[in-house]
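J.: First the structure, then my questions, so here it is.
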Amino acid sequence: MADLRAVEPARLAEWFGKLGLELHDKSRGISDDPVSNVWERKSVGEQETFEEDSLDPGFVLGRARALAAEVFRRFAAEGFLELRTVTVTVRFTGFVTVSRSRTTTVPQRSLAELEAEATRLLEPFFDARENPKRKKIRLIGVRVEKLGRPDEAGIAPRAHAPVPRPSRPRPRTPQPRWSRRHSSGSGETGDESALDRVYRDDHYDRDRLGCSPRRQRRLGPCREDDAGPSPGGPRFGAPCNQGCLVISVQEAIRVVGV
């Protein structure tokens, strides 16, 4: 900035034309623009980074439609009625990022139009048109621009149909290598890992295979033959007649592998 201020206006005008004179004034804090604290949004956009890079059109386009729904929800909440430019961003493995956009002559006013335009812009990234090396996609984004409000469009304001907030996929978490279908004693059933079961029941007896202290307080102690005949006592993982899961802490940790 100091170097810019040191250049004579005539030299800046010679180099940059009219813009040179504007640069001369702005470098010195001179401007005739009115001061205002009103800020008008120019675009609305959303991006999503995938947990795993993918080139599956069904997955990528499905996430693009979810992003478009969230963009349209925010677009409508801001009081806008129409848009003319849709931009999609794609980041490949290796962080190469490409953007493609399209501006329509006829304004778009519905979520269906936005989803169709975003899909149309993304489809070339699954073939040789935009992705000849078949690189997987790491990130996608959807953005709308050239926004119009009802008064700018010359029509009476109207409310958009409510757009539900799109659901995001749950992050995948590693699952234990062993789980089983069990009965809780109350007739309810569900899938639960052995280690979760141990923690939920305030730990099992560390000295022998058997039911948890909580279960014993509620239903009384289990008998050794409740788990059925097996050499050396109850079988690991076998349910007793009271619906308990016969397991010890040591066995659960060994099987789950933590």
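The values are calculated or read from the model by the stated rules, or taken from the named source; none is laboratory data. Computed from a predicted model, the values in this text were never measured in an experiment. Quick reminder, even Gly has a Cβ in these numbers, built from the backbone with ideal geometry, and neighbours come from all protein chains shown.
J.: Hey, Ser99 hits all of (1) over 14 Å from Thr119 (Cα atoms); (2) surrounded by fewer than 15 Cβ atoms within 10 Å (Cβ to Cβ) but one; which does it fall short on?
T.: Status for Ser99: all satisfied but (1).
J.: Checking Arg91 against (1) modelled with pLDDT under 95; (2) farther than 30 Å from Asp151 by Cα, only one condition comes out false. Which one?
T.: All conditions are met except number (1).
J.: Continuing with the same structure: Which pairs have Cβ atoms under 6 Å, sit 6 or more apart or on different chains, and link a residue in the stretch 11-22 that is without any contact (Cβ under 8 Å) to a residue 12 or more places away in the chain to one that is surrounded by 11 or more Cβ atoms within 10 Å (Cβ to Cβ) and of a type in the set (A, V, I, L, M)?
T.: Cβ pairs passing all conditions: Ala13/Leu21; Gly20/Leu12; Gly20/Ala13.
J.: Looking for whichever is free of Cβ contacts under 8 Å to residues at least 12 places away in the same chain, buried (at least 16 other Cβ atoms within 10 Å of the Cβ) and assigned to a helix (DSSP H, G or I) here; the options are Glu117, Glu70, Glu113. Which one fits? Walk me through how you get there before you give the answer.
T.: Details: Glu117 fails: free of Cβ contacts under 8 Å to residues at least 12 places away in the same chain; Glu70 fails: free of Cβ contacts under 8 Å to residues at least 12 places away in the same chain.
Result of the check over Glu117, Glu70, Glu113: Glu113.
J.: Across the stretch 102-144, which residue is farthest from Phe72 (Cα to Cα) among those that are within 18 Å of the chain's Cα centre (by Cα) and of a type in the set (D, E, K, R)?
T.: It comes out as Lys136.
J.: Hey, can you tell me all the residues within the stretch 46-66 that are in contact with a Leu (Cβ under 8 Å, 6 or more places away or on another chain) and either outside any helix (DSSP H, G or I) or under 11 Å from Ile137 (Cα atoms) (or both)?
T.: Narrowing the stretch 46-66 to residues in contact with a Leu (Cβ under 8 Å, 6 or more places away or on another chain): 46-50, 60-61, 64.
Scanning the stretch 46-66 gives Glu46, Gln47, Glu48, Thr49, Phe50, Val60.
J.: Looking at the stretch 52-67, which of its residues are touching a residue at least 12 places away in the same chain (Cβ under 8 Å) and over 15 Å from the mean Cα position of the chain (by Cα)? Before you say what the answer is, go through the steps one by one.
T.: Quick first cut of the stretch 52-67, residues touching a residue at least 12 places away in the same chain (Cβ under 8 Å) only: 53-55, 57, 60-61, 63-67.
Of everything in the stretch 52-67, those that are touching a residue at least 12 places away in the same chain (Cβ under 8 Å) and over 15 Å from the mean Cα position of the chain (by Cα) turn out to be Leu55, Pro57.
J.: Residues in the stretch 79-110 that are outside any strand (DSSP E or B), more than 27 Å from Asp53 (Cα to Cα) and free of Cβ contacts under 8 Å to residues at least 60 places away in the same chain: how many?
T.: Here is the first cut: in the stretch 79-110, the residues outside any strand (DSSP E or B) are 79-81, 93-96, 109-110.
Now narrow it down to the ones that are more than 27 Å from Asp53 (Cα to Cα): 79-81, 109-110.
Remaining after also requiring free of Cβ contacts under 8 Å to residues at least 60 places away in the same chain: 109-110.
Total satisfying the criteria: 2.
J.: Follow-up. If I ask for residues that are touching an Asp or Glu at 6+ places or on another chain (Cβ under 7 Å) and exposed (fewer than 11 other Cβ atoms within 10 Å of the Cβ), which ones from the stretch 12-43 would you list?
T.: Ser31, Lys42, listed by residue number.
J.: Something else now. When the stretch 23-51 is examined, which residues are found to be aliphatic (A, V, I, L, M), closer than 21 Å to Arg149 by Cβ and touching a residue at least 12 places away in the same chain (Cβ under 8 Å)? Don't jump to the end; show me each part of the working.
T.: To start, the set of residues in the stretch 23-51 that are aliphatic (A, V, I, L, M) comprises 23, 30, 35, 38, 44.
Next cut, closer than 21 Å to Arg149 by Cβ only: 38, 44.
Across the stretch 23-51, the qualifying residue is only Val44.
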